[in-house]
Amino acid sequence: MMYSEKVLDHFSNPRNVGEIENADGVGEIGNAKCGDIMKMYLKIDNNIITDAKFKTFGCGAAVATSSMATELIKGKSIDDALKLTNDAVVEALDGLPAVKIHCSVLAEQAVRSALSDYYTKQGIDPLPIVGEIKMPEE
Amino acid sequence: MEKRFIYADNAATTAVSEEVLNAMLPHFTKAYGNASSIYKLGRDAQRDIENAREKVAKAIGADPKEIFFTSCGSEADNWAIKGIAENMAKKGKKHIITSVFEHHAVLHTCEYLEKHGYEVTYVPVSADGFVNPEDIRNAIREDTALVTIMYANNEIGTIQPIEEIAKICKEKKVIFHTDAVQAVGHVEIDVKKQGIDMLSLSGHKIHAQKGIGALYVRKGITLPNLIHGGAQERNKRAGTENVPAIVGLGVAIESATRDIAGKNAIITPRRNRLIDGILQLPYTRLNGDRDKRLAGNLNISIEGIEGESLLLMLDLNGICASSGSACTSGSLDPSHVLLAIGLKHEVAHGSLRLSIEEDVTDEDVDYILEVVPKVVDRLRSMSPVWEKMMKGESYE
């Protein structure tokens, strides 16, 4: 299985690893049984994602896609973050092996899950804005 | 700590040894005759093939006439199982017994036969990684054609009670095959004394090249032709012989079986030091019995981390290792072997297999024991599963 240099870079030097205390939105996706869990923390000011951090249990691609997803949404508006697709994550990593594409879907869903939590905390129903969060199949 | 390069994945494959390479080289450019040709160049090739056959036979206590060269261990397994299945079906025997933790070369062959009207019983294995011979006895029926149980497990290294199983098969008059790909060169094998009817082996696990294996078939057992064509391999497997690979296998197996006890006496204490060192990490467990396992094998589950990440991190530190993680297999399920011995999915994902030989020195062991805890700490520090474990929360 071939990982691109970019995937290996984001795996060995992941950006934004860690937690945010008193995060405005926290999302978690995946399960340990399948071998991948991503937890994402967001700091949001005036609809702008000012900080994003993650913790991931998973393979090289799971770590790299989490890292890349946080990079892609940091400093962006919520609207832009909601437009983040797994394809964009894959492209930014110069591709992923076919069996690892699901990791990029997890990263996309982790962002949405954290935004969903943000709206819930604001007392706003997230469903019309964020849509349903796709949980991975077991 | 200076970075080292340590190959600790000899159960995956091994380097071709200098001795093997030197024996092979003349057969590419000088002694290149077709063994079926009448002139001296051809006769010489024939002689060298037969010499290699003798060496393979001697290494496992067989007669040279009972050795058939194949292209790999998987081919030997396929031929043995499908061949016996085909022959015994004529006698109305269409039942095969194997175990749940065989190599895929055996499991997938059995699954194929199930789709073609055969019945297969998969006996379970114990938590410490053994087939119970009594389970085999109880599974044998009037229509049982074959029992196939691996000699040593490729992931957890446990050495199976082969003699006892062979004895039961003999009593019940059922043919017994063993996939000994991981065992040859690491444990003493004598097919006659141990009552083994058929045995598969592979060259690249014992410092021969990839692409050569052999099947031992006890005299009196007939197998259908695997490849139809010329008269090679006693009319059973046509195709011009791969003389360099066959010669290499002969040298490799002779060398690998010369002093098994001596090799194991060097490897075992180093392997044990690795086991004890890694088990000092919290939330780890050794998979497979500690003593009745291949001398160079260790398989440890490290909770809270995922195996592929671990392998990539070890690779960055110059260590080649293996894992039963789903991510390394391209499927969603972790190793069937680890699930078979009762591990939960989430624990099986975080397994580490090291398979060492004598070239892994005491200093290399020190290095591995320095690197592994650092890498595990780092992966755990970024793992939400570990975080939950430390808080005492469930992560299932």
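The values are calculated or read from the model by the stated rules, or taken from the named source; none is laboratory data. Here the structure is a predicted model, which means the values were calculated and not measured. In this analysis, Cβ positions are derived from the backbone assuming ideal geometry, glycine residues included, and neighbour counts consider all displayed protein chains. Calculation scope for accessible area: heavy atoms of the full protein, side chains included, ligands and nucleic acids excluded. Shrake-Rupley method; radii C 1.70, N 1.55, O 1.52, S 1.80 Å.
Looking at the stretch A:1-49 only, could you name the residues that are facing chain B (nearest Cβ under 7 Å) and of a type in the set (Asp, Glu)?
Hit for the stretch A:1-49 is A:GLU28, nothing else.
Among residues belonging to the stretch A:75-88 that are more than 16 Å from A:SER4 (Cβ to Cβ) and of a type in the set (D, E, K, R), point out the one that is surrounded by the most Cβ atoms within 10 Å (Cβ to Cβ). Lay out the reasoning, then the answer.
Restricting attention to the stretch A:75-88, the residues satisfying the condition of being more than 16 Å from A:SER4 (Cβ to Cβ) are A:75-85.
If we keep only those that are of a type in the set (D, E, K, R) too, we end up with A:76, A:79-80, A:83.
On the way: A:LYS76: 16, A:ASP79: 9, A:ASP80: 14, A:LYS83: 11.
Across the stretch A:75-88, the extreme among qualifying residues is A:LYS76.
Which of (1) open to solvent by 60 Å² or more (accessible area, probe 1.4 Å); (2) in contact with a Ser or Thr (Cβ under 9 Å, 6 or more places away or on another chain) does B:ALA76 not meet, given it meets every other one?
It fails just one condition, (1).
Give just the number: which of (1) away from chain B (no Cβ under 14 Å); (2) part of a strand (DSSP E or B); (3) within 10 Å of the chain's Cα centre (by Cα) does A:VAL89 not satisfy?
That leaves (2) as the condition not met.
State the number of residues belonging to the stretch B:235-264 that are outside any helix (DSSP H, G or I) and surrounded by fewer than 19 Cβ atoms within 10 Å (Cβ to Cβ). Outline the logic, then answer.
Pass one, the stretch B:235-264, residues outside any helix (DSSP H, G or I): B:235-242, B:257-259.
Filter again for surrounded by fewer than 19 Cβ atoms within 10 Å (Cβ to Cβ), leaving B:235, B:238-240, B:242, B:258-259.
Summing the residues that are outside any helix (DSSP H, G or I) and surrounded by fewer than 19 Cβ atoms within 10 Å (Cβ to Cβ) in the stretch B:235-264 gives 7.
Among the residues of the stretch B:110-164, write down those that are hydroxyl-bearing (Ser, Thr, Tyr), open to solvent by less than 30 Å² (accessible area, probe 1.4 Å) and closer than 19 Å to B:ALA80 by Cα. Break it down into steps so the answer makes sense when it comes.
Filtering the stretch B:110-164 down to residues hydroxyl-bearing (Ser, Thr, Tyr) leaves B:112, B:118, B:121-122, B:126, B:144, B:148, B:151, B:158.
In the following step, the residues that additionally are open to solvent by less than 30 Å² (accessible area, probe 1.4 Å) were identified as B:144, B:148, B:151, B:158.
Within the stretch B:110-164, B:THR144, B:THR148, B:TYR151 meet the criteria.
Conditions (1) among the charged types (D, E, K, R); (2) out of contact with any strand residue (DSSP E or B) (no Cβ under 8 Å at 6 or more places or on another chain); (3) outside any loop (DSSP other than H, G, I, E, B), marked per residue:
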| site | (1), (2), (3) |
| --- | --- |
| B:GLU54 | yes, yes, yes |
| B:ALA57 | no, no, yes |
| B:GLU75 | yes, no, yes |
| B:ALA85 | no, no, yes |
| B:MET88 | no, no, yes |
| B:GLY92 | no, yes, no |
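Suppose the filter is away from chain B (no Cβ under 14 Å), open to solvent by 30 Å² or more (accessible area, probe 1.4 Å) and not in a strand (DSSP E or B); does A:LEU72 pass it?
Values: away from chain B (no Cβ under 14 Å): yes; open to solvent by 30 Å² or more (accessible area, probe 1.4 Å): yes; not in a strand (DSSP E or B): yes.
Yes: the conditions hold for A:LEU72.
Residues of the stretch A:90-112 being in contact with a Gly (Cβ under 6 Å, 6 or more places away or on another chain) and open to solvent by less than 20 Å² (accessible area, probe 1.4 Å), which ones? Step through it out loud before you land on a result.
At the first step, the residues of the stretch A:90-112 found to be in contact with a Gly (Cβ under 6 Å, 6 or more places away or on another chain) are A:99, A:106, A:110.
The answer is A:LEU106, A:ALA110.
Could you grab me the full set of residues in the stretch A:50-63 that are more than 10 Å from chain B (Cβ to nearest Cβ) and open to solvent by less than 30 Å² (accessible area, probe 1.4 Å)?
Matches in the stretch A:50-63: A:ALA52 only.
Would you mind telling me which numbered condition in (1) closer than 26 Å to B:VAL16 by Cα; (2) open to solvent by 20 Å² or more (accessible area, probe 1.4 Å) B:ILE175 fails?
The number of the failed condition is (1).
Got a number for residues in the stretch B:212-234 being over 23 Å from B:ALA145 (Cβ atoms) and surrounded by fewer than 17 Cβ atoms within 10 Å (Cβ to Cβ)?
Matching residues across the stretch B:212-234 total 3.
Can B:HIS95 be described as over 16 Å from the mean Cα position of the chain (by Cα), open to solvent by 10 Å² or more (accessible area, probe 1.4 Å) and over 21 Å from B:LEU338 (Cβ atoms)? Steps first, answer last, please.
Working: over 16 Å from the mean Cα position of the chain (by Cα): yes; open to solvent by 10 Å² or more (accessible area, probe 1.4 Å): no; over 21 Å from B:LEU338 (Cβ atoms): yes.
Judged against the criteria, B:HIS95 is not a match.
Inspect the stretch B:331-348 for any residue being touching an Asp or Glu at 6+ places or on another chain (Cβ under 9 Å) and charged (D, E, K, R) and give the result as yes or no.
Yes: the stretch B:331-348 contains one or more residues that are touching an Asp or Glu at 6+ places or on another chain (Cβ under 9 Å) and charged (D, E, K, R).
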